[in-house]
Every structure is written in C-alpha cells, then in structure tokens.
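Asks: A single structure is presented below for examination.
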Amino acid sequence: MRALNSGNIDHVECHGTGTSLGDPIEIRAVSRCYGAATISSIKSLLGHAEAASGIVSLLACLQQMKHNYRAPQSCFTCPNPKAEFGELVVSAIGEETSADRMAINNFGFSGTNCSIIVEKLPPRLFPDQIFAKYHMAPISSTDRGSLRRMVDEFKSYVEESDQLIGHICTKLQKGRPFHRYRHCILYNCKRQIVWETGAPLDDTESLGPLHVPDFTIFAYGHGFHHYQQNNRGNGPHGFFKQLIPKLDPKNTPEFPITPLRFHQFIASSYVDGHSINWNVYNSDTLNKDTLLPPYHFNNKKYWPFEKQFACNFPASKSSRKQIYYERTRLKVPQSHQRDRSLPVVNLGMHVGLANCEHHTVSEFQLLSSSHQKRIVLFHPCSSSITEALELISLWQILETQSNFVLVIACRNNGTSYTEWTTLCRTLASERLLPYKFVSYTSFEELESELSFEDIYECIFYEQSCRYVERLAPVTLKKSQFVSPKHLLITGGTGGVGKRIIEFMNPERTTVVTRNPKNGPARRDGGSQTFIESKLATLSLPANEEYDVVVHCAGVVDNALMASMDYSRITHNGDPLGTVEEYWDASGG
C-alpha cells in the first residue's frame with residue numbers, strides 16, 4: 001500500500017475497534033504508510049458489524065466521497081497514549097471535504113486482512129448545454145394517486161435543487177420509463193412553471209423570426225432546428241411524424257405556431273398516451289449523474305375483494321377430498337331487454353345493432369375518453385393471437401376510463417373452457433375492469449346482454465337456454481398407482497417433468513425435448529431415451545409401445561399481460577407443439 005501511495009491519500013478509514021493493543025499497532029502502520037492524512041472509523045457511529053464491517057466501511061467511504069463530507073469520530077475525547085499518531089489527524093467533528101482518494105483497512109479475527117484504496121472517477125465531460133427558453137418535464141406512474149404525489153414532490157425538488165433544469169428534464173425524458181398515467185410540466189429558463197397538464201394556456205408571446213437559427217434553437221429547441229437544417233423542403237409535418245410516429249396527420253398543428261404552443265402540443269400528446277421520440281425533441285446528452293426524486297409506491301394491498309380476504313375468515317380444517325372443484329354451467333333466467341338509451345361502441349367484428357357505433361381498437365384509442373355511460377362491445381373475428389392482443393390493448397385503454405361495461409362476445413363459443421374466458425380472468429386479476437363474456441347463438445341474445453347487469457359473469461347460450469359458469473365440488477376416487485413399463489413424456493428435462501418421472505418411476509422413459517443436454521441420466525439405473533424434436537416433426541419408432549403418455553407445457557416466460565406481445569404469446573402457448581400433434585405422433 002505504501003508503494004501505491006504517492007502522498008495523495010486524503011483520508012484513511014481505519015479498522016478502529018477501540019482495543020488497547022490493536023489501535024496503536026494500526027495507527028503506527030497508517031502513519032508510516034500514509035504520513036499526513038485524516039483518520040476515522042465508522043464503528044464509532046454504527047458499532048462493529050462483525051463479518052459485515054468491511055462492506056460497511058466501504059459504503060461509508062463511498063457516501064463521504066459522493067457528498068464531499070467527512071463523518072465525525074463520535075465519542076472521541078483524547079488520543080490513546082500508546083498510539084504514535086505522527087502527522088495523522090482525527091476528525092472529531094463532521095466537516096466538508098473534497099477528498100478524491102480514501103484508503104480502507106479491515107482486519108479479520110482469523111487473519112484475513114484487507115486494505116483497499118477508493119478513488120473518484122474523473123469528472124465526465126459534457127458538451128455545453130444548449131440554452132433553451134422552455135424545458136419539458138414528463139412525469140408518469142402506474143397509479144393516479146402516486147402520480148399526484150410525484151408531481152408535488154417534483155415541483156418542490158426543482159425549487160430546492162442546484163442541478164440544471166435542462167439536465168433534470170433530459171433525465172426524465174431519456175432516463176426513465178413511461179407509464180399509463182401521465183403529467184407534463186413546462187418550465188422556462190428561470191425554472192418557473194409556464195404551463196402544466198390541466199391548466200389553461202396563457203399564450204401571449206409573438207412568433208419571432210423562424211429563419212434566424214439562434215432564435216429557433218432558443219425558442220423551439222435544437223431538435224427542431226436540426227430537422228429544419230436537414231429537411232428544408234419537407235416542412236414541419238415531417239418533424240412531427242418523426243417526433244410522434246403514431247400521430248394522425250390531421251392533428252398536426254399548422255405553422256407558424258408560437259414556441260409555447262409548440263411545446264404544449266408535444267406535452268399534451270405525451271399525456272394523451274402517444275410515444276414521443278425524445279432524441280428528436282431534445283439533442284442534449286443524458287447526464288447519468290443527475291439525481292431525480294424516487295418513484296412513489298402505494299403502501300396498500302392490491303386485493304379487489306377486501307371482505308373476502310383470507311385473514312377475515314376463521315381458520316378451518318377440511319379433508320383433502322373436499323378441496324377439489326370443477327367448472328360447470330348453471331342454468332339461469334333470461335336477462336332483461338336492452339336499454340336502448342345506452343350508446344354502444346362496437347370494436348372488432350362489425351355487429352349490426354341499433355345505436356351502435358363501430359370503430360377499430362386503434363381508432364378507439366385516439367377518441368377522447370368519454371364520461372358518458374356506455375357499453376363497449378368487443379367482438380373478435382376469430383380466436384387468434386392477433387385478436388387476443390387486440391383485447392389486451394383495449395383493456396389497457398379502458399384502464400383510464402370510467403362509467404362503462406366491457407362486453408366480450410363470441411358467436412357459438414359453447415365450451416365453458418374457452419380461451420377467451422381464461423384471458424378475461426387473467427386480465428381482470430391484474431387490473432379489474434367491469435366486464436362480462438357472452439357466447440351467443442342469435443343477435444337477440446347478444447342484444448339482451450348489452451347492459452350493466454351480471455358484471456364479471458361468463459354467460460353461454462345453448463338451445464335458447466342461458467347459462468353461467470360456476471365451480472362445483474368434485475369427489476375423487478382414489479386408485480392404486482402402478483408404475484408404467486414405458487413412459488412417453490414431453491418437456492421431461494424441466495423441473496416439473498423430472499418430478500413426474502421420479503414419481504412414476506417407470507422401467508423405461510422416452511423424453512421428447514428441445515434440450516436433450518439438460519436431462520441427466522437416472523440414478524436408479526432406469527433406461528432413458530432422449531429425442532430432440534418438435535411435435536410437428538416428431539417421428540417415434542414404429543415398434544415401440546407406451547402405456548403412459550404425459551405432455552408438459554415446457555418453458556414459460558412469465559410476464560404481465562400489459563407487456564405481452566406476439567412473440568411472448570407464441571413462446572408461452574406451446575414451445576413443442578399442440579396436444580393433437582402429440583396424440584397423433586404417439587399413435588392415438
């Protein structure tokens with residue numbers, strides 16, 4: 001350590017356990033190694049953290065260097081008379097410092113000793129910030145309540161912070177993810193709020209000379225000026241197309257436009273849910289050292305049925321035979337006639353009903369949210385992945401709206417195990433919306449369900465009768481299990497597949513998998529055969545017979561429905577193939 005030190009160590013974080021023998025030995029070594037330096041030990045403030053004392057000392061040094069502050073040596077009254085301090089100085093009080101290097105000593109009772117030197121990174125060099133008239137602060141959250149708290153805290157933070165307003169806003173634009181609930185604040189160069197979401201726009205400024213580059217950069221931003229320089233013949237419509245890719249050309253503002261209205265239009269588009277290309281809007285370099293207020297979380301349990309929470313019920317014991325249920329259909333009375341005063345927004349397949357306005361889901365997203373009581377009717381054209389993604393997208397749009405009921409309708413979808421009811425329940429488990437599913441045979445039946453009644457029900461019409469889904473108890477019959485002679489299993493290299501093989505303990509096992517290397521040989525000496533194949537192309541030996549066939553789903557990529565896309569659904573749906581393909585390949 002002495003060889004590494006060239007007189008630049010400003011401070012030494014000592015092991016400093018307070019022992020009469022150990023402290024003098026350490027102080028003498030530090031004095032000989034580093035000469036003139038300040039010394040202290042975080043143990044005077046936190047105590048001895050035993051096995052974690054080293055990481056505590058490291059964290060203490062990093063924080064002191066980050067905040068340019070030297071922590072005090074608490075309870076220090078006089079030096080140990082046995083210690084030879086030399087030129088060392090003890091920091092008895094906390095004080096500001098600009099230490100760039102610190103040394104840390106940490107000695108273990110078992111003889112495991114460690115000394116390290118921590119040095120600040122050289123300051124990052126950023127190009128001079130472009131002086132601008134307006135700075136936009138986009139703030140977002142997954143919850144309205146937390147968004148309000150974040151906005152209030154951010155306003156106070158801007159007033160108290162000594163960081164550049166341009167760096168703060170650039171960090172918000174380019175360094176944070178964007179969520180569903182949004183708010184935008186527009187600051188001027190004096191850190192004053194000139195407009196924010198929900199406030200009226202007081203626009204009294206003049207247009208100014210757009211042909212003067214310095215004015216364009218100052219008032220409209222360097223991004224707009226850069227576009228003008230490289231696309232002189234295209235006009236501002238091309239700029240907005242790059243900035244807001246999904247913006248309807250009809251909604252593009254007409255130029256000339258004042259700088260305040262220019263920035264306010266972009267901010268409003270962001271709040272309305274549009275994706276903004278912030279690199280086109282703002283060419284400033286992102287300063288990762290810029291600090292922002294933290295994200296706000298709601299300290300509450302997310303459970304839609306508080307009265308049905310488990311802690312509100314007394315504990316009880318039940319036989320294992322009494323906990324099995326199956327999904328069945330219960331016959332119920334016919335629904336009431338449709339209230340034709342309620343408007344219906346029809347999405348997906350067009351349904352020819354009175355007082356029914358048809359849109360695509362993408363068109364519906366661009367419509368302003370209505371507080372009028374209405375029915376949103378989604379009718380998929382087929383049971384495809386594309387239609388499922390349409391419903392997921394619609395569910396996200398409706399999260400910010402109120403006073404509606406979402407009706408998902410399919411014609412002659414008679415099975416109670418339909419994929420649509422499963423998707424609806426999955427979406428509702430993440431974000432509860434008022435919905436119901438209807439499988440109908442005639443338009444009269446569908447029309448009678450366009451109401452605010454029977455919310456959260458899955459309704460099926462069959463032979464003019466109306467049914468809803470229910471759970472009914474099932475009594476299982478226990479039988480003696482006999483280990484199979486030859487087991488055929490897919491996905492047998494995963495955790496579930498291995499446990500199935502272990503439980504069944506077959507004499508022979510054939511595993512169909514995409515990763516044969518993940519399947520270790522059985523320890524009990526049983527015979528295993530691995531076939532690397534998908535079910536669509538699976539070819540089994542013609543002379544083999546299987547008395548038990550098991551199909552596992554394979555690897556699943558868990559994700560919230562809001563982040564689901566085509567690749568995730570196809571990956572989660574069935575990595576190997578369909579059950580029908582498996583049945584055919586195994587000989588039916």
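The values are calculated or read from the model by the stated rules, or taken from the named source; none is laboratory data. Please read these numbers as outputs of a predicted model, since none were measured by experiment. We place every Cβ from the backbone using ideal geometry, glycine too, and count neighbours over all the protein chains shown.
Asks: Could you please find all residues in the range 535-550 being surrounded by 15 or more Cβ atoms within 10 Å (Cβ to Cβ) and modelled with pLDDT under 85?
Replies: Across the range 535-550, the qualifying residues are LEU535, LEU538.
Asks: Being at pLDDT 85 or above and farther than 30 Å from SER275 by Cβ is the filter here; which residues of the range 354-372 pass it?
Replies: CYS356
Asks: Please verify whether GLY573 is outside the structural domain of ILE385 (by TED's automatic domain parsing) and either basic (Lys, Arg) or at pLDDT 70 or above (or both), treating the condition exactly as stated.
Replies: Taking the combined requirement at face value, the residue does not satisfy it.
Asks: With respect to SER362, is the statement that it is outside any loop (DSSP other than H, G, I, E, B), surrounded by fewer than 16 Cβ atoms within 10 Å (Cβ to Cβ) and out of contact with any helix residue (DSSP H, G or I) (no Cβ under 6 Å at 6 or more places or on another chain) true?
Replies: So SER362 fits the description; yes.
Asks: Next question. Quick one: count up the residues across the range 467-488 that are at pLDDT 90 or above and in contact with a helix residue (DSSP H, G or I) (Cβ under 8 Å, 6 or more places away or on another chain).
Replies: Number satisfying all stated conditions: 3.
Asks: Test HIS135 against the criterion of being crowded, with 19+ Cβ neighbours inside 10 Å, more than 20 Å from SER269 (Cβ to Cβ) and modelled with pLDDT of 90 or more, and give yes or no.
Replies: So HIS135 does not fit the description; no.
Asks: Please state which one of ARG176, ARG180, ARG144 is more than 18 Å from PHE218 (Cβ to Cβ), among the charged types (D, E, K, R), in contact with an Asp or Glu (Cβ under 7 Å, 6 or more places away or on another chain) and outside the structural domain of ALA60 (by TED's automatic domain parsing).
Replies: Answer to the selection: ARG180.
Asks: Look through LEU201, LEU247 and report the one residue that is among the aliphatic types (A, V, I, L, M) and at pLDDT below 80.
Replies: LEU201
Asks: What about THR400, is it over 17 Å from LEU423 (Cα atoms), surrounded by fewer than 12 Cβ atoms within 10 Å (Cβ to Cβ), in contact with a strand residue (DSSP E or B) (Cβ under 9 Å, 6 or more places away or on another chain) and among the β-branched types (Val, Ile, Thr)?
Replies: When the stated conditions are applied, THR400 does not pass them.
Asks: I'm trying to understand the selection: among the residues of the range 430-445, which are without any contact (Cβ under 8 Å) to a residue 24 or more places away in the chain and not polar (S, T, N, Q)?
Replies: Answer for the range 430-445, where residues must be without any contact (Cβ under 8 Å) to a residue 24 or more places away in the chain and not polar (S, T, N, Q): GLU444, GLU445.
Asks: Have a look at VAL405, VAL376, VAL332 and point out the one that is within 22 Å of PHE460 (Cα to Cα), surrounded by 12 or more Cβ atoms within 10 Å (Cβ to Cβ) and more than 32 Å from the chain's Cα centre (by Cα).
Replies: VAL332
Asks: Also, I was wondering about something else. Quick one: is ASN298 part of a helix (DSSP H, G or I) and either in contact (Cβ under 8 Å) with a residue 60 or more places away in the chain or out of contact with any Phe, Trp or Tyr (no Cβ under 6 Å at 6 or more places or on another chain) (or both)?
Replies: Judged against the criteria, ASN298 is not a match.
Asks: Kindly evaluate THR400 against the criterion of being of a type outside the set (D, E, K, R), out of contact with any Leu (no Cβ under 6 Å at 6 or more places or on another chain) and free of Cβ contacts under 8 Å to residues at least 24 places away in the same chain.
Replies: no
Asks: Of the conditions (1) at pLDDT below 90; (2) farther than 20 Å from ASP547 by Cα, TYR456 satisfies every one except a single condition; which number is it?
Replies: The failed condition is (1).
Asks: Would you list the helices (runs of 4 or more DSSP H) that sit entirely within the range 379-461 and hold 1 or more residues that are touching a helix residue (DSSP H, G or I) at 6+ places or on another chain (Cβ under 8 Å), among the aliphatic types (A, V, I, L, M) and closer than 19 Å to GLU357 by Cβ?
Replies: Counting at least 1 such residues, we get 385-398.
The rows are residues; the columns are (1) of a type in the set (A, V, I, L, M); (2) surrounded by fewer than 18 Cβ atoms within 10 Å (Cβ to Cβ); (3) in a helix (DSSP H, G or I); (4) within 33 Å of the chain's Cα centre (by Cα).
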residue	(1), (2), (3), (4)
GLN229	no, yes, yes, no
GLY238	no, yes, yes, yes
GLN242	no, yes, yes, yes
LYS246	no, yes, no, yes
PHE255	no, yes, no, no
HIS263	no, no, yes, yes
ILE266	yes, no, yes, yes
GLY273	no, yes, no, yes
